[in-house]
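Have a look at the structure below, then the notes.
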Amino acid sequence: RKEVEQDPGPFNVPEGATVAFNCTYSNSASQSFFWYRQDCRKEPKLLMSVYSSGNEDGRFTAQLNRASQYISLLIRDSKLSDSATYLCVVMNTGGFKTIFGAGTRLFVKA
Amino acid sequence: EPEVTQTPSHQVTQMGQEVILRCVPISNHLYFYWYRQILGQKVEFLVSFYNNEISEKSEIFDDQFSVERPDGSNFTLKIRSTKLEDSAMYFCASTSTGGYSTDTQYFGPGTRLTVL
């Protein structure tokens, strides 16, 4: 089983749509969880951290289920500028090793 | 806004040559990381560095690789004898307090390494 596994993409959605990304991780001792976005040939940039109680930042909502080792990201009212690859990221205890998922590509079209 | 910088942006080298990739982390950060991303593939962890020593390294980070913080501001990744399969984008990142959920890893723009 892969350490961090994401939905295979790409997702093609119209502007205004709601889209959900899923991610599972294999190490139950993992401590910290994040969603990053990566634009083509650019560095990853933090979108949001994921907290156990779930958290929201504008149009973005992240959820964590430690029992199921599952993380999700919901994007509401998609914009053209949301087109990117979304990376699920897990850090181990102590924060020294970071595991990236392979990413899910999102295309938002007008 | 403070940022992580990396030089050069693109490095071309011959197989078997040594390369040094340079990074300047954000000045008050304490934890430093190197990652690589082969074209079309996922970002892979190479090594983390804290308090002037390696904290953790992946199976990719073999004896051909080394890291150093030579002067308190630069953070370097050396590849001793490059192979064709070392061709990738190499990202440096830094963070202030380690892997806590409120912490952010700031990534540099990357160095594209091409081994011929």
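Could you tell me the relative contact order of chain B? Use alpha-carbon pairs under 8 Å, at least six residues apart, and round to a whole percent. Here the relative contact order equals 38 percent. Measuring r between the beta carbons of B:Asp62 and A:Thr93 and using R0 = 22 Å, the FRET efficiency lands at 0.35. Cysteine residues of chain A whose C-beta has no other cysteine C-beta under 4.7 angstrom: A:Cys40. For chain B, a Gaussian network of Cα nodes joined below 10 Å ranks B:Lys42, B:Lys57, B:Lys78 by mean-square fluctuation, and the top entry is B:Lys42. What you get for chain B, charging only the Cβ of Lys and Arg (+1) and of Asp and Glu (-1), is a dipole of about 260 debye around the Cα centre.
Look at the dipole of chain B built from charges on Cβ: of B:Leu116, B:Phe91, B:Gln17, the Cα furthest out on the positive end belongs to B:Leu116. Taking the protein assembly as shown as the region of interest, the number of lysine pairs whose Cα atoms are within less than 16 Å, with members eight or more places apart or on different chains, is 8. Taking B:Gly72, B:Gly40, B:Gly16 as the candidate residues, the one with maximal mean-square fluctuation in a Gaussian network model of chain B, Cα springs under 10 Å, is B:Gly40. Using the Cβ-Cβ distance between A:Asp77 and A:Asn55 with R0 = 25 Å, the FRET efficiency computed as 1/(1 + (r/R0)^6) comes to roughly 0.90. Stokes-Einstein, applied to the Kirkwood radius of region A:49-99 over Cα pairs at a viscosity of 1.002 mPa s and 20 °C, places its translational diffusion at 172 µm² s⁻¹. Each Cα pair of region B:1-108 feeds into the Kirkwood radius, which the Stokes-Einstein equation turns, at 10 °C and 1.306 mPa s, into a diffusion coefficient of 112 µm²/s.
Cβ-Cβ distance of A:Ala17 and A:Asp39, R₀ of 22 Å, FRET efficiency by 1/(1 + (r/R0)^6): the value works out to about 0.65.
Expressed as a fraction of 2.2 N^0.38 Å, the value expected for a compact globular protein of N residues, the C-alpha radius of gyration of the protein assembly as shown is 1.02. Report the percentage of all Cα-Cα pairs in chain A whose separation exceeds 16 Å, rounded to a whole percent. Tail of P(r) above 16 Å: 56 percent of Cα pairs.
Since every read-out is calculated from the coordinates, none of them should be taken as a lab result. Remember, it's a predicted structure, so these values are computed and weren't measured experimentally. Here Cβ is always computed from backbone atoms with ideal geometry, including for glycine, and neighbour counts include all displayed protein chains.
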